[in-house]
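The values are calculated or read from the model by the stated rules, or taken from the named source; none is laboratory data. The model shown is predicted, which means the values in this text are computed figures rather than measured ones. Using ideal geometry, Cβ is built from the backbone for each residue, glycine included, and neighbour counts are taken over all protein chains shown. Side chains included, ligands, DNA and RNA excluded: accessible areas come from the protein's heavy atoms. Shrake-Rupley method; radii C 1.70, N 1.55, O 1.52, S 1.80 Å.
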Amino acid sequence: MTLLKVSDLVVEFQDAATGRINRACNQVSLDIEAGEIVGLVGESGCGKSTLGRAIVGLEHPKSGSIVFDGVDILSLPAAARRQARRRVQYIFQDSLAALEPRQTIGSALHEALIIRGERNPRARAARIGEILAATNLNSGILTRRPRELSGGQRQRVCIARALLAEPKLLICDEPVSSLDTSLRAQVMNVFLNLRDELGVAIVLIAHDLALVRQASARVNVMYLGRIVESGPSGALYAQPLHPYSRALTAAILGIDPEVERHREQTVLKGDLPSPFAPPSGCSFRTRCPDASDRCAAAEPAALVREGRSVRCKLYDETAAVN
Ligand SMILES: Nc1ncnc2c1ncn2[C@@H]1O[C@H](COP(=O)(O)OP(=O)(O)OP(=O)(O)O)[C@@H](O)[C@H]1O
Ligand SMILES: [Mg+2]
């Protein structure tokens with residue numbers, strides 16, 4: 001069952017000084033099935049957080065649609081929109097900033113339930129106990145303050161707090177980027193548990209394909225406001241289609257020698273172009289090893305075949321995808 005369907009979403013920011021427009025999400029389409037983990041990857045500034053924030057209602061799209069759990073959210077009046085988004089929760093990248101420094105973790109978690117109308121302290125304590133178990137946290141943390149926890153514990157507290165809203169979808173913005181390798185594994189395990197035990201769908205946002213590859217069923221690769229490729233994580237990693245995806249996967253150290261042999265070593269040249277003046281045609285063409293004149297002429301349409309989707313002139317109607 002499709003839980004979230006984002007179609008042709010456009011989010012723009014206008015520079016106050018110059019009046020120029022930055023199209024941070026450019027006709028973005030994305031599908032998430034119930035109980036599925038999906039990766040969203042790309043370089044800094046490509047629009048990952050803007051897309052996540054638009055889904056939860058922290059940015060206001062210019063056009064497009066967001067259908068969550070069968071409800072077309074953007075067509076609703078404001079109060080009904082908030083209600084429709086109750087079961088989507090956003091986990092911010094900076095867990096320290098997301099928590100009130102003077103408040104104990106226990107008080108923060110009780111407060112989250114009080115806001116949701118749970119008046120009975122015992123019922124709250126029981127619910128918090130369940131959520132701590134689901135996020136692999138010990139009840140000893142309840143009397144502590146955010147600074148007294150490790151980064152991995154804090155991140156899991158933020159996940160625990162979000163879970164109190166009984167979400168169907170969690171959008172996790174770079175949940176493990178700031179953690180070292182062992183803590184990353186802890187937090188990733190929590191995501192896998194939540195999917196398996198509670199059936200929560202999760203969007204994992206990351207710069208790095210390596211971080212999301214293992215946990216995600218599907219991966220979406222974003223470049224300058226566009227999703228340039230999307231597909232099952234294994235297939236996308238083994239045979240990336242878009243030259244940008246190839247560059248991202250080439251940066252990952254190989255594990256499977258068979259995959260390695262077939263991978264082109266594409267090295268990403270240059271910087272991301274200014275989002276206020278993106279290149280004509282395909283926005284990746286200024287850094288693309290395969291660019292030709294036709295890439296400047298028009299933006300490539302998305303070619304969809306066998307569960308994969310790619311926006312690149314290399315894959316025209318007659319070319320095979322796999
Ligand atoms: N509130 C805002 N006002 C103006 N411009 C913004 C705002 N938020 C984001 N942008 C711009 O929108 C574009 C996308 O930003 P966004 O934060 O979504 O990128 P990102 O992929 O999440 O990057 P990072 O990996 O660094 O978090 C960037 O060009 C950014 O400068
Ligand atoms: Mg971001």
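General remarks:
- Choice from Ile115, Ile105, Ile128 with maximal GNM fluctuation in the chain (Cα, 10 Å cutoff): Ile115
- Span from the the range 94-145 Cα centroid across to the the range 2-28 one, whole angstrom: 35
- Computed from backbone phi, the HN-Hα couplings of the range 226-237 come to 10, 7, 8, 8, 8, x, x, 4, x, 5, 5, 6 Hz, rounded to whole numbers (Karplus: 6.51 cos²θ - 1.76 cosθ + 1.60, θ = phi - 60°; Gly and Pro given as x).
- Net charge of neighbours whose Cβ lies under 15 Å from the Cβ of Arg144, counting Lys and Arg as +1 and Asp and Glu as -1: +4
- Pairs of Lys residues in the chain, spaced 8 or more positions apart or belonging to different chains, with C-alpha separations under 17 angstrom: 4 in total.
- Per-residue Karplus couplings for the range 308-314, computed as 6.51 cos²θ - 1.76 cosθ + 1.60 with θ equal to phi - 60°, are listed in order as 10, 9, 8, 10, 6, 5, 4 Hz, Gly and Pro entered as x.
- Over the range 98-165, relative contact order from alpha-carbon pairs under 8 Å, at least 6 apart, %: 49
- GNM top mover of Asn22, Asn193, Asn138 - the chain, alpha-carbon springs below 10 Å: Asn138
- Within-9-Å neighbourhood charge of Pro167 [Cβ basis; K, R +1; D, E -1]: +2
- Counted residue by residue at 0.36 nm each, then reduced by the alpha carbon distance between them, the extension gain from Asn120 to Asp293 reaches 55.6 nm.
- Close amide H contacts of Tyr223 (hydrogens built in the peptide plane, cut-off under 5 Å, sequence separation of 5 or more or a different chain): Val228.
- The chain, dipole about Cα centre (Lys/Arg Cβ +1, Asp/Glu Cβ -1), debye to the nearest 20: 960
- Rounded to 5, the percent of DSSP beta bridges in the chain classed as antiparallel: 60
- Residues in the range 118-136 reached by a label modelled at Asn193 [backbone nitrogen below 15 Å; 7 Å Cα→Cβ]: 128-136
- With a cut-off of 13 Å between beta carbons, the residues surrounding Gln186 carry a summed charge of +2, where Lys and Arg count +1 and Asp and Glu -1.
- Heavy atoms of the protein chains alone define the surface here; on that basis the chain has 47 Å² accessible area per residue at 1.4 Å probe size.
- Converting phi to 3J(HN,Hα) with the Karplus coefficients 6.51, -1.76 and 1.60 and the offset θ = phi - 60°, the range 7-18 yields 10, 6, 6, 10, 10, 10, 10, 10, 6, 5, 6, 9 Hz in sequence order, with x at every glycine or proline.
- Per atom type, the chain shows carbon and sulfur on 50% of its accessible surface, probed at 1.4 Å.
- Rounded to the nearest 20 debye, the dipole magnitude of the range 98-165 is 80 debye, with +1 charges on Lys and Arg beta carbons, -1 on Asp and Glu beta carbons, and the Cα centre as origin.
- Relative contact order of the range 141-206, defined on C-alpha pairs under 8 angstrom at six or more residues apart (%): 39
- Sequence-separation-based contact order of the chain, relative, with Cα cut under 8 Å and 6+ spacing, percent: 19
- Within the listed set Ala160, Ala112, Ala24, the Gaussian network model of the chain (springs between alpha-carbon atoms below 10 Å) gives the highest mean-square fluctuation for Ala112.
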